[in-house]
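Okay, structure first, notes after.
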Amino acid sequence: MNAPLSLAQMANEVLTTADGAAKVSLSRRHAAAWFAARKQDPCPIEIGTANPPLHPARPEKPELLNPRDVPKRKPGSEAGRIAMLHAVAHIELNAVDLHWDIVARFSHVPLPIGFFDDWVKAADEESKHFGLMCDCLESLGSYYGALPAHRGMWQAAEDTVDDLMGRLAVVPMVLEARGLDVTPGMIKLFQQAKLTQAVDALEVIYSEEVSHVAYGSKWFYFLCGRDNLDPKEVFHALVSKYFRSPLKPPFNEEKRADAGIPPDFYWPLADQIKPIAGV
């Protein structure tokens with residue numbers, strides 16, 4: 001009888017699967033297998049190690065363009081709403097790979113098993129989110145791959161390929177935190193268009209993304225504490241190193257706080273001065 005795949009090998013299988021639907025299906029199966037195994041003592045699935053690809057496998061479509069070359073569409077039009085859902089689907093598929101990549105790429109680092117639990121759960125939820133977005137696109141007569149998409153989504157993973165703290169600082173605590181800032185406005189646009197399926201899907205994504213950002217801050221603080229480092233100073237240094245532009249207000253301070261990120265982490269990195277309350 002063959003030994004079960006290690007968790008790192010499971011992650012690598014997802015990363016090397018190109019088709020979007022097949023990728024998220026495999027992601028969900030591996031997540032379910034992991035959590036079923038975690039209920040056993042001892043857990044029959046080892047963390048293991050893997051040699052993940054620098055770039056995950058991708059479907060032939062969508063065509064990937066530089067951010068400035070992705071066509072802009074008016075958000076209030078039907079074409080604009082389809083483009084917005086397509087962009088979210090692209091973000092979610094990249095997030096599936098980002099979360100499995102942190103499992104595979106840093107499986108050699110001595111970490112509590114809860115670290116891996118958190119990122120497998122996040123990958124599973126991102127897989128669900130991608131499916132929700134695909135369903136919304138189909139309801140509007142479109143599909144993932146029908147439009148070009150942003151090629152820069154994986155840059156943060158490449159830049160932090162050997163730096164776990166840098167990965168945590170930039171991916172969940174900057175890029176995913178940005179989702180907390182912009183999603184409420186997207187929900188409002190789809191409410192105005194009376195597209196309840198999209199509203200419901202985006203509300204699921206919004207509620208679950210808080211946890212994904214929180215996983216990032218939780219393990220970032222853990223690593224800083226283990227090395228007796230000041231989290232705020234380290235965060236500022238790593239974001240300045242790996243994120244090549246200022247952070248853009250307005251910030252969703254309430255949800256960022258729920259995710260463990262205080263204002264003095266991000267306002268000093270913003271492209272404008274923090275407004276004074278009451279002024």
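The values are calculated or read from the model by the stated rules, or taken from the named source; none is laboratory data. No experiment lies behind these values; they were computed from the predicted model shown. Methodologically, a virtual Cβ is constructed for each residue, glycine included, from the backbone with ideal geometry; neighbour enumeration extends over all protein chains shown.
Report, by residue number, each residue of region 1-46 that is of a type in the set (D, E, K, R) and over 20 Å from the mean Cα position of the chain (by Cα).
38, 39, 41, 46
Just checking, does region 67-74 include any residue being free of Cβ contacts under 8 Å to residues at least 24 places away in the same chain and touching a helix residue (DSSP H, G or I) at 6+ places or on another chain (Cβ under 6 Å)?
Looking through region 67-74, at least one residue is free of Cβ contacts under 8 Å to residues at least 24 places away in the same chain and touching a helix residue (DSSP H, G or I) at 6+ places or on another chain (Cβ under 6 Å).
Counting only residues that are in contact (Cβ under 8 Å) with a residue 24 or more places away in the chain, in a helix (DSSP H, G or I), of a type outside the set (D, E, K, R) and closer than 27 Å to residue 214 by Cα, how many does region 139-187 have?
Count: 21.
Hydrophobic (A, V, I, L, M, F, W, C) and either in contact with a His (Cβ under 9 Å, 6 or more places away or on another chain) or without any contact (Cβ under 8 Å) to a residue 40 or more places away in the chain (or both): which single residue out of 64, 54, 132 fits that description?
64
Would you check if there is a residue in region 32-42 being among the charged types (D, E, K, R) and at pLDDT 95 or above?
yes
Looking at 101, 124, 69, can you tell me which residue is at pLDDT below 95, acidic (Asp, Glu) and either crowded, with 16+ Cβ neighbours inside 10 Å or over 30 Å from residue 218 (Cα atoms) (or both)? Reasoning before the result, please.
On the way: 101 fails: at pLDDT below 95; 124 fails: at pLDDT below 95.
Exactly one residue qualifies, and that residue is 69.
Among the numbered conditions (1) closer than 19 Å to residue 95 by Cβ; (2) over 15 Å from the mean Cα position of the chain (by Cα); (3) touching a residue at least 60 places away in the same chain (Cβ under 8 Å); (4) buried (at least 19 other Cβ atoms within 10 Å of the Cβ), tell me where residue 190 comes up short.
(1)
Looking for whichever is among the small types (Gly, Ala, Ser) and not in a helix (DSSP H, G or I) here; the options are 240, 211, 245. Which one fits? Please lay out each step first, then the result.
Values: 240 fails: not in a helix (DSSP H, G or I); 211 fails: not in a helix (DSSP H, G or I).
The conditions single out 245.
Any idea which residue in region 204-236 is nearest to residue 100 (Cα to Cα), counting only those that are surrounded by 15 or more Cβ atoms within 10 Å (Cβ to Cβ) and among the small types (Gly, Ala, Ser)?
Looking at the filtered set, the residue picked out is 216.
Answer yes or no: is there a residue in region 53-62 that is within 18 Å of the chain's Cα centre (by Cα), surrounded by 15 or more Cβ atoms within 10 Å (Cβ to Cβ), assigned to a helix (DSSP H, G or I) and at pLDDT 95 or above.
No: region 53-62 contains no residue that is within 18 Å of the chain's Cα centre (by Cα), surrounded by 15 or more Cβ atoms within 10 Å (Cβ to Cβ), assigned to a helix (DSSP H, G or I) and at pLDDT 95 or above.
Does residue 152 count as touching a helix residue (DSSP H, G or I) at 6+ places or on another chain (Cβ under 6 Å) and buried (at least 19 other Cβ atoms within 10 Å of the Cβ)?
no
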